[in-house]
Amino acid sequence: MGIITWLVLGLIAGVVAKILLPGRDPGGLVGTTLIGIAGSFIGGWLSTKILHRPIPKDIGEPSMWIASVAGALVLLIVYRLLFGNSRERR
């Protein structure tokens with residue numbers, strides 16, 4: 001799979017992560033998009049290293065989508081923990 005495919009998958013994973021964890025993030029839409037892209041790469045890398053699953057060649061493979069969304073969710077949670085959740089009143 002090419003880098004462009006991972007970028008598109010990351011954009012979609014970021015949107016799905018944002019839907020699953022609603023709320024305003026300190027980085028806004030751009031920050032969430034970048035987190036989705038990074039989460040897609042990290043989720044794919046971790047699935048190959050920890051779970052010993054090769055990266056599938058087909059974009060329709062469910063395991064690839066799960067790894068990408070899970071990576072984006074983890075990064076979004078870490079991002080909110082580090083930089084604050086804007087749901088709190090300041």
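The values are calculated or read from the model by the stated rules, or taken from the named source; none is laboratory data. Because the structure is a prediction, the values reported are computed rather than measured. Side chains included, ligands, DNA and RNA excluded: accessible areas come from the protein's heavy atoms. Shrake-Rupley method; radii C 1.70, N 1.55, O 1.52, S 1.80 Å.
Ligands, DNA and RNA are left out, and with a 1.4 angstrom probe the accessible area of region 1-52 is 58 Å² per residue.
Between Val74 and Leu46, what length comes free when the chain is fully extended (0.36 nm per residue of separation minus the Cα-Cα distance, one decimal in nm)? 8.9 nm is the gain from fully extending Val74 to Leu46.
Extension gain for Leu81 to Ile3 (0.36 nm times residue separation, less C-alpha to C-alpha distance): 25.2 nm.
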